[in-house]
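Asker: Questions regarding the structure given below will be posed in turn.
Since every read-out is calculated from the coordinates, none of them should be taken as a lab result. Given the structure is predicted, the values throughout are model-derived calculations rather than measurements. In this analysis, Cβ positions are derived from the backbone assuming ideal geometry, glycine residues included, and neighbour counts consider all displayed protein chains.
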Amino acid sequence: MAGGHDVRRPFFVSSVSPLHAGIVSRIRERGPMTVAEFMEVALYDPDDGYYASAIQRSGQSGDFYTSVDVGPLFGALIAVQLADMWRVLSAAGAASFDLVEAGAGNGRLARDIMDAASRHHPELYDRMRLTLVERSETARRAQIETLGLHASRLVASSHVLPHPINGAIVANELLDALPVHVVTRTPSGLREIGIDQREGRLAEVEMPLSAALVRHHGKLGGRSGAAWPGRYLAPGERAEIGLAAGDWIREAAAALHRGFIMLFDYTYEASASHARAHPGGTLMAYRAHRAEPRDWLSDPGEKDLTAHVDLGALGRGVAEAGLATLGIVDQTYFLLALGLADRLEPGDDRRTIEKRLAARTLVMPGGLGSTMKAMIFAKRVGRPALRGLSSGRLT
């Protein structure tokens, strides 16, 4: 087919899913697509995309776990940090607090935050205006029921960020679900991984860098640019370039008039050592709680696709958007600074044991505790000392 050199990885073939025929037809008409274009369709097609076709994708009956699935403790501790942020804004004269959750799903995290705020932070709860941003119409339809008694606080449920926001934008595992481009080092130079079809089956190909990557490459200073992830790759190694994550942070910064952006995500720093540790990159699929790093191309729309977020690229986007970086810390230290240990009670009853197990899951080294980072950025509030960042610990 047009435009690409077949990588010939036999495990990268696709069985038939509802999206398969449409992707094949598109490739036949236009030629190979980038991995980013494939992910956009597989995850966010409005009819058959992975996130569009179910109310909830995480949890025991889903394909992966997030901190929200552990129980309400994660949301309760975020409420502590939001109350801290409200004190900063109210001291500057704010009359209300916009809480905007991006990638909100069916609203479970917002519900947990609101539950805790109503009980323990009434000064925040009374001033809170909630907006849930979610691309899946199926999930949006479930938000009112999920919020329950807090539904009256919901100002809007939409697929786009509102403007202007005076308060905080919160996103848990959003950026790692945004489409990425994939590049690889070959004997003839840097090439982009694309998706082609072979007799109706999907397969990887190597192709020239797409126009989007060429523009991005030039913006970073060309081949010698230290920020270009491809410079660290040895022949055969791969890396993801998350242009969509940069676009999102700029969009969020533009929507935020005054306040904070609080993100939780899997991250990495682009470097030669990272490339050696992940020679195939970090892009992988999850289905039924099993990681599929070598089979992310099959069954489009029926499995989660995710890639770690490049902290260096994110930091550049933050700076370009006029945001101040207040801190990036391991989730373990963030939650402990917010009082997680103080919430654990002695006892051997089922409820107490479950709470201790939930806390352990949230801070476990090698799991959510160290691989997940808490990141807080600010706009027009200076550089206040926030409780969750008091440890300053990042591993």
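Asker: What is the ratio of the Cα radius of gyration of the range 166-266 to 2.2 N^0.38 Å, with N the residue count, to two decimals? Write out the running numbers ahead of the final one.
Answerer: Details: Rg = 16.7 Å, N = 101, 2.2 N^0.38 = 12.7 Å.
The value comes to 1.31.
Asker: Trypsin sites (Lys or Arg not before Pro), restricted to the range 241-347: which are DSSP loop and have at most 14 other Cβ atoms within 10 Å?
Answerer: Numbers: sites: Arg250, Arg258, Arg276, Arg287, Arg290, Arg294, Lys303, Arg316, Arg343; in loops: Arg294, Lys303.
In loop regions of the range 241-347 (DSSP not H, G, I, E or B), the sparsely surrounded trypsin sites (Lys or Arg not before Pro) are Arg294.
Asker: Could you give the length gained by full extension between Glu137 and His257, i.e. 0.36 nm per residue of separation minus their alpha carbon distance, to one decimal place? Mind dumping the intermediate values first?
Answerer: Numbers: separation 120, 0.36 × 120 = 43.20 nm, distance 2.69 nm.
Extending this stretch completely gives an extra 40.5 nm.
Asker: Further, regarding this structure: Within 10 Å, count the other beta carbons around each residue, average over each peptide in 260-267, 135-142, and list them highest first.
Answerer: On the way: 260-267: 23.1, 135-142: 18.1.
So the order, starting with the most tightly packed, is 260-267, 135-142.
Asker: Within the range 238-276, which GluC sites (Glu not before Pro) sit in a loop by DSSP and count at most 14 neighbouring Cβ atoms inside 10 Å? Provide the component values of the computation, followed by the final result.
Answerer: On the way: sites: Glu240, Glu251, Glu269; in loops: Glu269.
The qualifying sites are Glu269.
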